[in-house]
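Read through the structure below, which is laid out as structure tokens, and then see the notes.
Bear in mind these aren't lab numbers, they're just calculated from the coordinates by the rules spelled out. All figures in this text were calculated on a predicted structure; none of them were measured in a lab. Cβ atoms come from the backbone with ideal geometry, glycine included; neighbour counts cover every protein chain shown.
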Amino acid sequence: MLYRPGEDATLAQRFGELTVALILQVVLPLVVILLAFDAFAGERERGTLRQLLSLGLRPRDLILGKTLGLGGALSLMAAPAVVVGVATLLLTGPAEGAPRFALLTLVYLLYIGIFALLALAVSARAPSARFALVVLIGFWGLNCLLAPRAVSDLAAALHPLPEPISFKTRMQQALTDPAPTSAMLKERMAALVKEYAAAGTEELPVNLAGLSLQVGEEHGYEVFDRFYGELFAPMEAQNRVLQRGAALFPMLGVQAISMGLAGTDLAQHRDFIRAAEAHRRAEIKIINDDILAHPVKAGEVHDGDPELWAKVPRFDYEPPTLGWVLREHATALALLVAWFLGTAWLAWRGAERLQPL
Amino acid sequence: MFGTIFRWEIRALRRDPACWAVMAFAVVAMVFAMFNGARWLAHIDAVAAAAGARDVSARVEAREQAARIDTKAEPAPFITRDPRSAFGYANGLMAHYAVLPPTPLAALTAGQSDLLPSILPLAPANLPSLTGGSEPENPHRLLIGRFDAAFAVIFLLPLVIIALMYALLTGERERGTLALLLAQPVTLRSLFAAKLVPRVLIILGLLGLLAALFILTMPDGAGMRLALWLAVALSYTALWFALAAAVVSRRGSSATHAVTLAALWLVLGMLLPAGINLAVKTLAPMPSRIELILALRAATDAAAAERSKLMGAFYEDHPELASAGSPTGDFVTLQLVTSQRVEHDLAPILTRYQNQLAHQQSLLDKLQFLSPALVAETALADSAGTGLPRQHLFFAQALAHHAELRAFFDPRALRKEKFTARDEVPPFRYVEEPMSDVAARVAPALAVFVSIALALGLWAWRTLRRRPSDA
């Protein structure tokens, strides 16, 4: 039985969850823009920029001051949220949460910093405050709303998933194909005959049903691994395209890294599935080996005992390490840093060439 | 005077690079949306065609395999995959699908069509589930959503309208030209109207372009659905024009108006829908599906434990079948009897999920009117035939057809006769809902949009009484 959350949700689900991520990725950049768009353009319009520059103020001091002031205002606004976040994490979070949270904070600081610096850079060059505002809101709309969907659809066009009906048919045919299983069974039987130095398969002191079951399972593993690989490879390629989209729109990078650090992305879900499947396979092997080791007369059944079930190890999931997550999202992280440095340079240059009028 | 200002406004807009940039952006977005939509429709069509082809090829394969088994060229497989048994064919080999034919408008609104399948594989032994035939899809992409024409209308057109409107009067005032204009024999109202009309024409042109692109690429477009879709899109943009007019007719600078409108767009289009989603899910929480899986296991174990009792009861009801199988029952009868029992035990649990979803939907039906974007999303998907109501109608028909399949296969399986009637399996035919039902569902959205647009427009009109301070 397979269920999708979509079956149990209304159309409103398509608008997503009201999460902290939505506030940080979409709302906060708009707040930053509103705070910063008239930083230079507004002063210029009011004539105070000329005054400031006539005082002999170095432009780089001006931009540093503006950036720090903006940062101060934002941190006042963000302080309650950070306190609540840290408290929640301390009270309910997992042990490994702290470094992940610290990194997540850093990534969001980068992201918000990009918007703040971009706003200053545009404001320094804009002919009017109004112009700066419209340019910045335009970029915000593109970044937050348009870019994810456009790049996602582009990624799907570049890396399409297999057509579902024939995919399923091919998989079913591969699963029910008797040739590979019978070849494997023959090989294993020959190995058993050799191991027990028996004259033939009839003389083996084992229950061959166990062997046959295990061979059927292993054939299934091979088929499922191949077909799931065929399914997940394009999905991962699509996600890589989305990550690289961060070169154009920082939202795509921050979305990917934020999911990665929170442990809610596709790659970490797949890792969990892989671990659970490996556990299941180990358990099946124990059961089949037990059947193999207990020959029964016709009509009899060999049941497992508590000792057998005690052999099955506990399922202890070891989630991927922080290093693994960071390697997975290295591109997006590098692109975000590049964005930050780029916007910082733009703001710096803008301040240096500041026109008082 | 109105005519003169109108003509000059058009000249001014034609000289304005910002206006051209906004229009170019909107045109590129719409062409991209149409291209994407056409690809999506082609994909749905391709999947439906593949399903049809698979149905035929599975039948041929089963017939050939049965012939090989009959001539002893191949050993008979176990009954679950035996083409000569009604049970084995129906549940192991047959590829029988209920197909929801896409409307051409799926190219305009993907709606729920990427989440809920239009192809449901049916086998008598398994009760179909709403998402049973779902295609594999990248969850990240499902989260992000699609760039289709509905997205362009719901999210991008309001942005375009905001960009065209935010400095309608204040721009003139800030340049100092408003005082000069008002020194002419012209009222503030007619000045406002003369500046508004060219902008409305631009948006109408964009929607016209969308309709033209659609009609050109989909020659047999469904007329009534397209008309409804365009009516929703028009009334939704009218609402945004009225909202923008209500904001820009107030005092304040261009920057204030731009900020107010952008904030409204963010709240109405993104935050409120996400908040409504949260409210609906909190007020009517869905039980975990793990509960269902645990209940299924318990019911299966219970049915297995009562196996002989169930078989006894079955043969008491069907004494004519008792001679056909062994007295203790055979595999097929056992399967049917136990699965009937399991379904009986699970029915109340499944009903809980359905009831809770219905509860969520009824909450949403009321709350959605807080956000025009949510109403528009529902109404556009509804008129395109990719919304939930059509999907549920399809599922209800598929369930009815599933009962028909059982009535066809189960007696044949229980009689254990040799099965050859592969071409007599009843086919599924989707019966389309009457367009009057669709119109009735979309009408409240249209009424709400038009009345809010009128109210806001009237308010803006009252605000625009000429005040001495306006210049």
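Remarks
- Using the empirical formula 2.2 N^0.38 Å as the baseline, the Cα radius of gyration of segment A:164-333 reaches a ratio of 1.44.
- Net charge dipole size for segment A:1-97 [Lys, Arg +1 and Asp, Glu -1 on Cβ; Debye, nearest 20]: 540 debye
- Take the Cα of B:R63, step 7 Å toward its Cβ, do the same at A:T88, and the gap between the two points is 6.2 nm.
- Sites B:L458 and B:S253, calculated FRET efficiency, Cβ-Cβ separation with R0 25 Å, nearest 0.05: 0.50
- For B:Y97, distant residues with modelled amide H under 5 Å away: B:L122
- Exposure proxy ranking, count of Cβ atoms within 10 Å, fewest first, for B:V259, B:V280: B:V259, B:V280
- In chain A, a dipole from Cβ-located charges (positive for Lys and Arg, negative for Asp and Glu) runs towards its positive end, and of A:G200, A:L28, A:L118 it is A:L118 whose Cα lies farthest in that direction.
- Label point at A:K285 placed 7 Å out along Cα→Cβ; residues across segment A:208-224 whose backbone nitrogen lies under 12 Å: A:218
- Qualifying lysines (Cα of each under 28 Å from Cα of A:K66; at least 8 residues distant if same chain): none
- Only Lys, Arg, Asp and Glu carry charge here, each on its Cβ (+1 for the first two, -1 for the last two); on that basis segment B:1-159 has a dipole of about 380 debye about its Cα centre.
- For segment A:164-333, a simple Cβ point-charge model (Lys and Arg +1, Asp and Glu -1, everything else neutral) yields a dipole of about 760 debye relative to the Cα centre.
- Counting Cβ atoms of other protein chains within 10 Å of each residue's Cβ and taking the mean over peptide B:264-270 gives 3.
- Rounded to 0.05, the FRET efficiency of the B:L278 and B:T420 pair, given R0 = 45 Å and the Cβ-Cβ distance, is 0.20.
- The relative contact order of segment B:30-102, computed from alpha carbon pairs under 8 Å that lie at least 6 residues apart in sequence, is 33 percent.
- Prolate/oblate/rounded call for segment B:329-471, Cα gyration tensor, a/c under 1.5 rounded: prolate
- Computed over segment B:246-358, relative contact order equals 33 percent, with contacts defined as Cα pairs under 8 Å that lie 6+ residues apart.
- Cα gyration tensor category, rounded, prolate or oblate, for segment B:26-66 with a/c compared to 1.5: prolate
- Set of lysines with alpha-carbon distance to A:K186 below 28 Å, sequence-local pairs under 8 removed: A:K194, A:K285, A:K297, B:K72
- Distance between the modelled labels on A:D177 and A:W345, one decimal in nanometres: 5.4 nm (7 Å Cα→Cβ projection).
- Relative compactness, the protein assembly as shown, computed as alpha-carbon Rg over 2.2 N^0.38 Å: 1.16
- Among A:I112, A:I137, A:I257, residue whose mean-square fluctuation peaks in a GNM of chain A (springs only between Cα atoms under 10 Å): A:I137
- The GNM of chain A, with springs linking C-alpha atoms under 10 angstrom apart, assigns the highest mean-square fluctuation among A:P127, A:P313, A:P99 to A:P313.
- Cα-only Debye scattering, chain B: base-10 log of I(q)/I(0) at q = 0.10 Å⁻¹: -0.85
- Residues A:H159, B:H318, B:H43 in ascending order of nearby Cβ atoms (within 10 Å, fewest first): B:H318, A:H159, B:H43.
- With contacts taken as Cα pairs under 8 Å at a separation of at least 6 residues, chain A carries a relative contact order of 29 percent.
- Spatial separation of Cα centroids for segment B:157-191 and segment A:237-302, in angstrom: 60 Å
- Between B:A403 and B:L264, the contour length at 0.36 nm per residue exceeds the alpha carbon distance by 45.0 nm.
- Annotation: the residues B:W40, B:W229, sorted from fewest to most other C-beta atoms within 10 Å of their own C-beta, follow the order B:W40, B:W229.
- Counting only residues at least eight positions apart within a chain, or on another chain, the lysines with an alpha carbon under 20 Å from that of B:K281 are B:K366.
- 20 Å reach of a label modelled at B:T80, 7 Å along Cα-to-Cβ, counting backbone N of segment B:282-301: B:293-294, B:296-301
- Pairwise FRET efficiency - B:L209 versus A:S128, Cβ, R0 = 30 Å, nearest 0.05: 0.45
- Cα-projected label distance for A:W309 with B:M1, points at 7 Å along beta-carbon direction, nm: 9.1 nm
- Most fluctuating residue given options A:D38, A:D265, A:D303, as computed from a GNM of chain A linking Cα atoms under 10 Å: A:D303
- Subtracting the Cα-Cα distance of B:H318 and B:T351 from 0.36 nm times their residue separation leaves 8.9 nm of extension gain.
- Selection from A:L62, B:T109, B:L264 lying farthest towards where the dipole of the protein assembly as shown points positive, charges on Cβ: A:L62
- Contour excess over end-to-end distance, with Cα ends at B:R307 and B:A49 and 0.36 nm allotted per residue: 88.7 nm
- Listed peptides B:121-127, B:439-445, B:304-310 by packing density, highest first (mean Cβ within 10 Å): B:121-127, B:439-445, B:304-310
- Value of [θ]222 nm, deg cm²/dmol, for the protein assembly as shown, DSSP H segments ≥ 4, -39500 (n - 2.57) each, nearest 500: -23500 deg cm²/dmol
- Distant-in-sequence amide H partners of B:S85 (H built 1.01 Å from N, under 5 Å): B:F419
- Projecting the Cα atoms of A:G323, A:V223, A:H302 onto the dipole axis of chain A, where Lys and Arg carry +1 and Asp and Glu carry -1 at the beta carbon, places A:G323 farthest toward the positive end.
- Counted as membrane-span-like here are DSSP H helices of chain A whose alpha-carbon atoms extend 30 Å or more along the helix's own axis and whose Kyte-Doolittle mean is -1.0 or above; these are A:59-92, A:97-125, A:208-244, A:266-293, A:330-352.
- Over the Cα atoms of segment B:134-233, the radius of gyration divided by the Kirkwood radius equals 1.17; this is the Rg/Rh ratio.
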